[in-house]
1. Pairs under 7 Å by beta carbon, first residue within 13 Å of PHE171 (Cβ to Cβ) in segment 355-366, partner among the acidic types (Asp, Glu) and crowded, with 22+ Cβ neighbours inside 10 Å, six or more apart or different chains?
2. Mind listing just one residue for me: the one in segment 113-124 that is part of a loop (DSSP other than H, G, I, E, B) and at pLDDT 95 or above and, of those, surrounded by the most Cβ atoms within 10 Å (Cβ to Cβ)?
3. Can you tell me which residue is surrounded by the most Cβ atoms within 10 Å (Cβ to Cβ) among those in segment 424-454 that are closer than 23 Å to GLY494 by Cβ and among the small types (Gly, Ala, Ser)?
4. Among the residues of segment 365-398, count how many are buried (at least 23 other Cβ atoms within 10 Å of the Cβ), more than 22 Å from ASP106 (Cβ to Cβ) and not β-branched (Val, Ile, Thr).
5. Looking at segment 147-173, which of its residues are in a loop (DSSP other than H, G, I, E, B) and over 30 Å from GLN211 (Cα atoms)?
6. Output the residues belonging to segment 315-349 that are in a loop (DSSP other than H, G, I, E, B) and either of a type in the set (Phe, Trp, Tyr) or in contact with a helix residue (DSSP H, G or I) (Cβ under 9 Å, 6 or more places away or on another chain) (or both).
7. Under the condition of being modelled with pLDDT of 75 or more and part of a loop (DSSP other than H, G, I, E, B), which residue from segment 243-252 is nearest to LYS172 (Cα to Cα)?
8. Search segment 181-229 for residues being assigned to a loop (DSSP other than H, G, I, E, B) and buried (at least 17 other Cβ atoms within 10 Å of the Cβ), and hand back the single one that is nearest to the chain's Cα centre (by Cα).
Amino acid sequence: MYLERKHKCEDMLRCTLCADAPCDQACPKKLEPAKQLRSIWFDNEIAAASGLPETNPCSDCTAPCEAACIRSGEVPIKQLLSFLTENVRPALDVPSPQDEAALQADICGVPLENPFLLSSSVVGSNYDMCARAFEAGWAGVAFKTICSFEIHEASPRYSAIHGANGGLVGFKNIEQLSDHSVPENMEIFRRLKKNYPTKRVIASIMGRNEQEWEDLARQCQENGADVIELNFSCPNMMDWGLGSDIGQVPELVERFTAAARRGASIPILAKLTPNVDHMSPAAEAAKRGGADGLAAINTIKSIMEINPHTFVSSPAIGRHSAVGGYSGSAVKPIALHFIAELGHNQNLSGMHISGMGGVETWRDALEFILLGAGSVQVTTAIMQYGYRIIDDLKAGLNYYLHEKGYHSVKELIGEGLEFVSDTTEILERDSIVYPKFKRKTCIGCGRCQISCADGGHQAIHLDKSRRPVLDPKRCVGCHLCVLICPTHSIVSSGKRIYKKKI
């Protein structure tokens, strides 16, 4: 089913995930096809299918949705919705959950209606944005970092790396901190808590000295913040010895955490920088300073897209650019590595971990939770797709919990840690799992042969019909061919064969 789902995502590559999608307006049966398409895109076709009729409502339809599409004829909407009802729905193990009680989480004892939060950034930088996010279903917001000094932003301040299909995989920003004054931000906090008392406001702060850290923490608590997040990690705020310059020095992390603790009694998270070899020294220092939890990761220092004509990297401000913060789906493996490091560290036992870095789908969020995160923060995916992604984050994770028999998302926190090691020495090396070729879907492109010859172990050749043939004496089971096949016609055999029998 998973490989078939990947094919369906490829069928959607021309879909633009429209705002006020014309396909919704044209659907005579009010199936909200745009919502169903988004669910396929965000790895949530199972939860989407569970809410559809048992019989295919599109079977006798002339597909006016496809005619109304802004890329008319390019997105097979009827086929995709039929796939959900005819292929996915009959295979469902459990019915759609009737409530979201299993999603309830907390930050250091502060209740959350679900584990999903906006991370501190432009996506949560004023009252209107936070209010719309709360209305959409987000449990809380880590508000854009508050400081006591003036902020002057550059333009442009974003850049991106796109994948072969045009999708954004890596994102760079040189965004700084909140450009509102402290009093203006305190007024926003008061309004948010008055109008959304069950939602959580996490006040991200940054000071230049102990007094500023203490004063900002005190003001945020007095004006309604539920949690304080100490920004020791912004890669764009280093000119005055701020941001990641602080997070790389455990002694400063401890000192400024202690200062913030003097100003506030509510839970404090230390947001740590990934621009280090190991995160544990700073994390342990934050705990010594009085932090109740940790947030990780912030963006990674980066340079991208150097113009071959001007020699200036992107985003270019005239003839200059600067190192900025890298985010997006490309950083998720790095983020998970640091979350696992924190989760394994027994000296940090009992501390809440709020995980972030490349989260787009509920599966991404689940990975962070399994490695120890009790809450999950999102920014770059929201910048791409909007607050609406919360629908699939919640529905996908909620369905998974019910399907697997869990009563609470809290039961999953850290459950994957025992299967991760910092060393490869523990790995069994006396067996091979061979690839398996699906000849019915193979198109004979020969990509597997090229990759195996030039990047593997010369174990594949093509027969007269241009279909791959494996030489088991050469194959080492690396699975490079599985990963590069453009039609997903090579899969793992799933059978481990010990070398002494080969």
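The values are calculated or read from the model by the stated rules, or taken from the named source; none is laboratory data. These numbers come from a predicted model, not from an experiment. No Cβ is skipped: glycine too gets one built from the backbone with ideal geometry, and neighbour counts run over all protein chains shown.
1. GLY358/ASP364
2. SER120
3. SER451
4. Residues that pass the stated criteria total 1.
5. Step one: list which residues in segment 147-173 are in a loop (DSSP other than H, G, I, E, B), which gives 147-157, 163-167.
Across segment 147-173, the qualifying residues are SER155, PRO156, ARG157, GLY163, ALA164, ASN165, GLY166, GLY167.
6. So in segment 315-349, the residues in a loop (DSSP other than H, G, I, E, B) come out as 315-316, 318-319, 321-323, 328, 345, 349.
Of everything in segment 315-349, those that are in a loop (DSSP other than H, G, I, E, B) and either of a type in the set (Phe, Trp, Tyr) or in contact with a helix residue (DSSP H, G or I) (Cβ under 9 Å, 6 or more places away or on another chain) (or both) turn out to be GLY328, ASN345.
7. Narrowing segment 243-252 to residues modelled with pLDDT of 75 or more: 244-252.
Filter again for part of a loop (DSSP other than H, G, I, E, B), leaving 248-249.
Numbers: GLN248: 21, VAL249: 24 Å.
Per the criteria, the residue is GLN248.
8. Going through segment 181-229, the residues assigned to a loop (DSSP other than H, G, I, E, B) turn out to be 181, 196-199, 206-209, 223-226.
Cutting the leftovers down to buried (at least 17 other Cβ atoms within 10 Å of the Cβ) gives us 196, 199, 206-207, 223-226.
On the way: TYR196: 25, LYS199: 21, MET206: 24, GLY207: 28, ASN223: 30, GLY224: 28, ALA225: 25, ASP226: 24 Å.
Among those residues, the one meeting the criterion is LYS199.
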